[in-house]
Amino acid sequence: MRAYAERSFLLSSRAGDAGESYRQVLEGLLLRTRDPKRRAEREAILKVPPIPRGLLYLWRIYDRIRRRKGGNGFALSPLEWQDIDAFLRRTQTDLAPWELEIIEMLDDLYLVDYSKLQVD
């Protein structure tokens, strides 16, 4: 799941002034690439490792919570317990401790990826 998340976050990050995602930029470059070696490199970057089917529901839960979390004006805020708790109560969902750890890991990966963009 970690590999899937890292690649997904990378490809969905913004890559240009036009607000395009890194995936959109790479796909555009791929359409114009004639060199087989460069084409293979770009295709490899676009390839996302498969998500374990049994964990897809956690990815969806994380995505739903993260889409509603804003920032503080300077950066994105991490998901807080009250965000997760509110989601679980409102959707009448119950998660085991290991499932919560995965959601925390996903958010940590997302925030690291986002912070890299702010530095670059």
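Working from Cα pairs under 8 Å separated by at least six residues, relative contact order for the chain is 30 percent. When Rg and the Kirkwood radius Rh are both evaluated on Cα atoms of the chain, their ratio Rg/Rh stands at 1.03.
Label-to-label distance for Trp81 and Lys69 is 1.5 nm, based on points extended 7 Å past Cα in the beta-carbon direction.
Projecting the Cα atoms of Gly19, Ile61, Leu29 onto the charge dipole of the chain, computed from C-beta unit charges around the Cα centre, puts Leu29 farthest toward the positive end. With unit charges on the beta carbon (Lys/Arg positive, Asp/Glu negative), name the residue among Met105, Leu79, Ser8 whose Cα is farthest towards the positive pole of the charge dipole of the chain. Farthest towards the positive end: Ser8. With all protein chains kept in place, the per residue accessible area of the chain amounts to 70 square angstrom at a probe of 1.4 angstrom. Computed about the Cα centre, the dipole magnitude for segment 14-119 is approximately 640 debye when only Lys and Arg (+1) and Asp and Glu (-1) carry charge, each at its Cβ. Cβ-Cβ distance of Lys37 and Tyr114, R₀ of 30 Å, FRET efficiency by 1/(1 + (r/R0)^6): the value works out to about 0.45.
The values are calculated or read from the model by the stated rules, or taken from the named source; none is laboratory data. On a predicted model such as this, the values are computed, not experimentally measured, just so you know. Neighbour counts are summed over all protein chains in view; Cβ atoms, including those assigned to glycine, are modelled from backbone coordinates with ideal geometry. Please note that ligands, DNA and RNA were not included when accessible areas were found on the heavy atoms of the full protein model with its side chains. Shrake-Rupley method; radii C 1.70, N 1.55, O 1.52, S 1.80 Å.
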